[in-house]
Structure formats: C-alpha cells, structure tokens
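Asks: What follows is a single structure, and I will ask about it in a moment.
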Amino acid sequence: MITRETDYALRLLRTLRDGERRTAAEAAERELVPQSFAHKILKKLARAGFVEVARGAEGGCRLSAELNRVTLYDLMTAMGEDSRLSSCMDPTYSCPWRASHGGCTVHCHLTGIQEKLNAELKAHTLEDILGPAD
C-alpha cells in the first residue's frame, strides 16, 4: 500500500524534523535513501509545503511543516500515491458494469471500506508515526 517513495519521504522527514538545514545528500546518507530518490522526493515535499529547499552555498532543506498537523494521508497525497482500493473508487472513473447494471453492490461495499481506510490514514499524524525525536 505505501510505496517505497513514501517510505523514503517519511525517513527524510525524520532526519529534518530537528529543524536543522541539511543538504539532500546529507539527509539521504543519514536515512540510507538513494540520492537520486532523495532529490525527487524533496521536490515533492517542497511542493506540498512540508520542506523548504534553498540553493547555493548556504542551501539545503529544512522542515517547514508541523508534523503533528500532517497526516499519513497528506503525505501519500503529496507523493502522488493512489490509496483507492479500486479504480471504481475514483469519482471520474466510468465503470461499465455499474453503468449497464444501474449500480454494483461490490463497489458499494468497497466504497464503505475506502471511507474507513481514508479515515484511518487521516487519523495518524507523521509525528505519531515517526515517534519521539532522537
């Protein structure tokens, strides 16, 4: 369910949560994240407003979000993950079965499960997941 990219993002955020500015290379080395992934992930985290990235001699990245206000759902969304159980859960998806049969009990059940899954992902902050700072 959680991709390697989101796992790496959690690890990079763990390193940055002390508020210090670090280069992508430092954060990647510290968390054993491949550097090529770290750069890509940090760009996504910056777009989502979770980190600040500065270039130049004094550059690096630093946490800019309060991890007690960012949920696992938020992080997965920032990483571009799709947590849907089925493509039919996407409101823009045109399900041929549902269209030809006037509905689908399977998808009705999946919708209920999807709602519970989303609520669970939204119930856990990154601070909860990462635990106390070292």
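Asks: When the accessible area of the chain is computed with all protein chains present and a 1.4 Å probe, what percentage of it is carbon and sulfur?
Replies: On the way: 4200 of 8240 Å².
Solvent-exposed carbon and sulfur of the chain make up 51 percent of the total.
Asks: In square nanometres, what is the average projected area of the Cα convex hull of the chain?
Replies: Details: hull surface 37.0 nm².
Computed as one quarter of the Cα hull surface, the answer is 9.2 nm².
Asks: Could you tell me the distance between the Cα centroids of the range 7-22 and the range 57-134, to the nearest Å?
Replies: If we compute the Cα centre of each part, the gap is 21 Å.
Asks: Any idea what the dipole of the range 29-105 comes to, in debye rounded to 20, about its Cα centre with Lys/Arg Cβ at +1 and Asp/Glu Cβ at -1?
Replies: Details: 10 positive and 9 negative charges, 31 e Å.
Here the size comes out at about 140 debye.
Asks: Give me the 1.4 Å probe accessible area per residue for the chain, excluding ligands and nucleic acids, in Å². Write out the running numbers ahead of the final one.
Replies: Values: 8240 Å² over 134 residues.
About 61 Å² of surface per residue is accessible.
Asks: Quick one: dipole size for the chain, taken about the Cα centre, charges +1 on Lys/Arg Cβ and -1 on Asp/Glu Cβ, in debye to the nearest 20.
Replies: Numbers: 18 positive and 19 negative charges, 69 e Å.
The calculated dipole for the chain is roughly 340 debye.
Asks: Please name which of His124, Ala78, Ala65 has its Cα lying farthest along the dipole of the range 2-128 towards the positive end, using unit charges on Cβ (Lys, Arg +1; Asp, Glu -1) and the Cα centre as origin.
Replies: Ala78
The values are calculated or read from the model by the stated rules, or taken from the named source; none is laboratory data. Everything numeric in this text was worked out from a predicted model, so none of it was measured. We place every Cβ from the backbone using ideal geometry, glycine too, and count neighbours over all the protein chains shown. Remember, those area values only see protein heavy atoms, side chains included, never the ligands or the DNA or RNA. Shrake-Rupley method; radii C 1.70, N 1.55, O 1.52, S 1.80 Å.
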